[in-house]
Amino acid sequence: MSGNRPGRVVLVAGASSGIGHAASVSLAARGHRVFGTSRTWSRTPPPGIEPVILDVTGEASATRCVEEVLDRAGRIDALVYSAGHYVAGAVEETTPELALRQLDAYFLGAHRVVRAVLPSMRHASGGRLIFLSSSAAVAAIPFHAVYSASKAALEHYVDALRYEVAPFGVDATCVQGTSVRTGAADAAQRAEPGIAAYATARDSVVETFARTQREGRPPTVFARTITRAVEADRLPPRYRPGFQAKTLPAIRAMLPEAAFRVLFGRKFGLPRH
């Protein structure tokens, strides 16, 4: 696929808000045909975005969504996976059911949609699979353990996927989002009931993380990166937009683990132990 050819057919999972919404608008402005998904589409999507219903927690829904796009457009050139929500709370507070819902949103949901879209890409001998990840995959965030684990799982999944689909002209990548103003932090699902022993540290970290997002960069920054990935001839394993995303892996690699834990814990207001 030529990197400069406009008019690709792009399926954006999670297009009703946040980075997925911004990416859909950016892609449509570049002349691509954008199918944007939401569980309900309770509001009218922006011009240029064709709404499709998708519940990533259901395999049948993923299959129906992909079949609808193929029926209407004849092909899918790129998948952008930006769906999900996240859970905040101590590990001890987080029930297995809540942890599974978190994994369903970021990891198993992506797996369902990938399985639905890959046959058409293989038959077309080309495609792009682009997943929104997080720097939490590099350094796990305290009191966001299941969220961090789901992003780390997603990145290992994509690393393996790249080997499998390369012979068919299909490529995959992750975009590590960091400190993005999407409103997701304020809408995070809190593990309940809370345990008093964790309350001071937990509430401090959750509020600090939410504040870094409220004060972060606009989602349009990441939308531009996703648009470049859709139009690229070849994809790197990861895109890391911004200074923090680029430097965090290097800092972690260079510092002794104990020193990194102190530094990273201080970022979230945790005392040194």
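The values are calculated or read from the model by the stated rules, or taken from the named source; none is laboratory data. Not measured: the values here are computed from a predicted model. Glycine gets a Cβ as well: all are built from the backbone with ideal geometry, and neighbour counts include every protein chain shown. Note: accessible area is taken over every heavy atom of the protein model, side chains too, but ligands, DNA and RNA are not part of it. Shrake-Rupley method; radii C 1.70, N 1.55, O 1.52, S 1.80 Å.
Structural remarks
- Screening Y106, Y157 for residues that are open to solvent by 30 Å² or more (accessible area, probe 1.4 Å) and under 26 Å from V69 (Cβ atoms) leaves exactly one candidate, Y157.
- Taken over segment 156-172, the criterion of being in contact (Cβ under 8 Å) with a residue 24 or more places away in the chain and more than 15 Å from D104 (Cα to Cα) is satisfied by V158, D159, L161, R162, V165, F168, G169, V170, D171, A172.
- Matching residues in segment 93-117 - criterion: being of a type in the set (A, V, I, L, M) and in contact with a Leu (Cβ under 8 Å, 6 or more places away or on another chain): A110, V113, V114, V117
- Index of the failed condition, G48 passing every other in (1) on the phi < 0 side of the Ramachandran plot; (2) free of Cβ contacts under 8 Å to residues at least 40 places away in the same chain; (3) open to solvent by less than 70 Å² (accessible area, probe 1.4 Å): (1)
- Put simply, of R211, R234 the only residue that is over 17 Å from the mean Cα position of the chain (by Cα) and not in a loop (DSSP other than H, G, I, E, B) is R211.
- Only a single criterion out of (1) modelled with pLDDT under 95; (2) touching a strand residue (DSSP E or B) at 6+ places or on another chain (Cβ under 7 Å); (3) of a type outside the set (S, T, N, Q); (4) over 27 Å from V262 (Cβ atoms) is not satisfied by I130, namely (1).
- Considering residues of segment 33-45 that are assigned to a strand (DSSP E or B) and polar (S, T, N, Q) only, the residue surrounded by the most Cβ atoms within 10 Å (Cβ to Cβ): T37
- Qualifying residue in segment 183-194 (condition: more than 30 Å from G7 (Cα to Cα) and not in a loop (DSSP other than H, G, I, E, B)): yes
- Tallying residues that are in contact with a Phe, Trp or Tyr (Cβ under 7 Å, 6 or more places away or on another chain), assigned to a helix (DSSP H, G or I) and among the aliphatic types (A, V, I, L, M) within segment 122-155 yields 3.
- Residue within segment 13-32 that is in a strand (DSSP E or B), open to solvent by 60 Å² or more (accessible area, probe 1.4 Å) and over 24 Å from S134 (Cβ atoms) present: no
- Selection of segment 52-69 for residues being surrounded by fewer than 18 Cβ atoms within 10 Å (Cβ to Cβ) and closer than 24 Å to R30 by Cα yields I53, E68.
- Put simply, of P142, P167 the only residue that is over 16 Å from the mean Cα position of the chain (by Cα), modelled with pLDDT under 95 and open to solvent by 10 Å² or more (accessible area, probe 1.4 Å) is P142.
- Filtering segment 68-100 to residues that are in contact (Cβ under 8 Å) with a residue 40 or more places away in the chain, of a type in the set (D, E, K, R), touching a strand residue (DSSP E or B) at 6+ places or on another chain (Cβ under 9 Å) and assigned to a helix (DSSP H, G or I) leaves only E93.
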